[in-house]
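Comments concern the structure below.
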């Protein structure tokens, strides 16, 4: 897997090539639209934006739910989409290294950083694993500002909704009351759902799992599970034979029976580890539209919790009384 540094270089070169071919497409006049057009980097952010914006917005995402958000091909069609956008909402925390390339190439000043139509959804969220040491390439794909998968805690979903609300207030102040009402409904729905999810997981509090990539700290922290290790020795670094051997020994010693992996990573090594340890490899999408039936932000958590509990039961992991 390419490092974040190589990704930046490749994207910069591609940006230079793409912007040359986009002049004609971006020079076309925008048609008058009744609704605001919001572009989010991910399906998760887009789902929340649809809830807050209601029938006054159209929302599209750049990343699909089955894609790895770290690595997205820069396409002219994405720049054209952003050229038409009234608001651009990012996950932030340098997860989308490709996003600034797209935004700059879109030739739309109102969605650039600092403009009214730019929203960093991470502002004010609980961010875990903020590096306390100097970040170097030897540490793998460490994010400078902390782990960017914060949307996997429903409480942070409310923060995302509020950031989107603030953006909508800036670009459409006449409808602020409408957006505020929708945000309040979103918060109320989270507050009703979260205790139910926590109650389901409470009997399994303290259960250890292995994850492939370090995607899940906010989710595990919220629902009382513990990451005992990772298939990747460092984020974005493929596992070596020595690391695999060490991981197998650790799982056997600590009786870890579950490996969680996203669908966009190769499963060969994880399945090998599962076979050697008698564990179960559970493929879970961390995003909306990444699996069948996961149609919005709320159903994402139903899907995750239900599948994890099912895996626990299949592996004979019993609830604590």
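Please work out which residue is nearest to the chain's Cα centre (by Cα), limiting yourself to segment 249-271 and to residues that are surrounded by 15 or more Cβ atoms within 10 Å (Cβ to Cβ) and more than 26 Å from residue 318 (Cβ to Cβ).
Here the answer is 262.
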Seminar exercise, completed: Considering residues that are buried (at least 16 other Cβ atoms within 10 Å of the Cβ) and farther than 28 Å from residue 43 by Cα, the number found within segment 273-299 is 4
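Considering each of 287, 299 in turn, give the residue that is closer than 25 Å to residue 193 by Cβ, free of Cβ contacts under 8 Å to residues at least 12 places away in the same chain and within 16 Å of the chain's Cα centre (by Cα). Even if it seems obvious, please write down each step before you answer.
Values: 287 fails: free of Cβ contacts under 8 Å to residues at least 12 places away in the same chain.
Going through 287, 299 in turn, the sole match is 299.
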For this session: Select, from 81, 56, the only residue that is modelled with pLDDT of 55 or more and touching a helix residue (DSSP H, G or I) at 6+ places or on another chain (Cβ under 8 Å).
Result: 56
For this session: Report yes if residue 51 is within 16 Å of residue 164 (Cβ to Cβ), touching a helix residue (DSSP H, G or I) at 6+ places or on another chain (Cβ under 7 Å) and modelled with pLDDT of 55 or more, otherwise no.
Result: yes
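With 195, 148, 131, 203 as the choices, which residue is outside any helix (DSSP H, G or I), out of contact with any helix residue (DSSP H, G or I) (no Cβ under 7 Å at 6 or more places or on another chain) and modelled with pLDDT of 95 or more?
After applying the criteria, what remains is 148.
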Problem set entry | Residues that are out of contact with any strand residue (DSSP E or B) (no Cβ under 8 Å at 6 or more places or on another chain) and crowded, with 18+ Cβ neighbours inside 10 Å, drawn from segment 205-231 | 215, 218, 219, 222, 223
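Select from segment 307-321 the residues that are surrounded by 13 or more Cβ atoms within 10 Å (Cβ to Cβ) and more than 19 Å from the chain's Cα centre (by Cα) and list them in ascending order.
From segment 307-321, those surrounded by 13 or more Cβ atoms within 10 Å (Cβ to Cβ) are 307-309, 311-312, 315, 317, 319; that's our starting set.
The answer is 309, 311, 312, 315, 317, 319.
The values are calculated or read from the model by the stated rules, or taken from the named source; none is laboratory data. In this text, all values refer to a predicted model and were calculated from it rather than measured experimentally. Quick reminder, even Gly has a Cβ in these numbers, built from the backbone with ideal geometry, and neighbours come from all protein chains shown.
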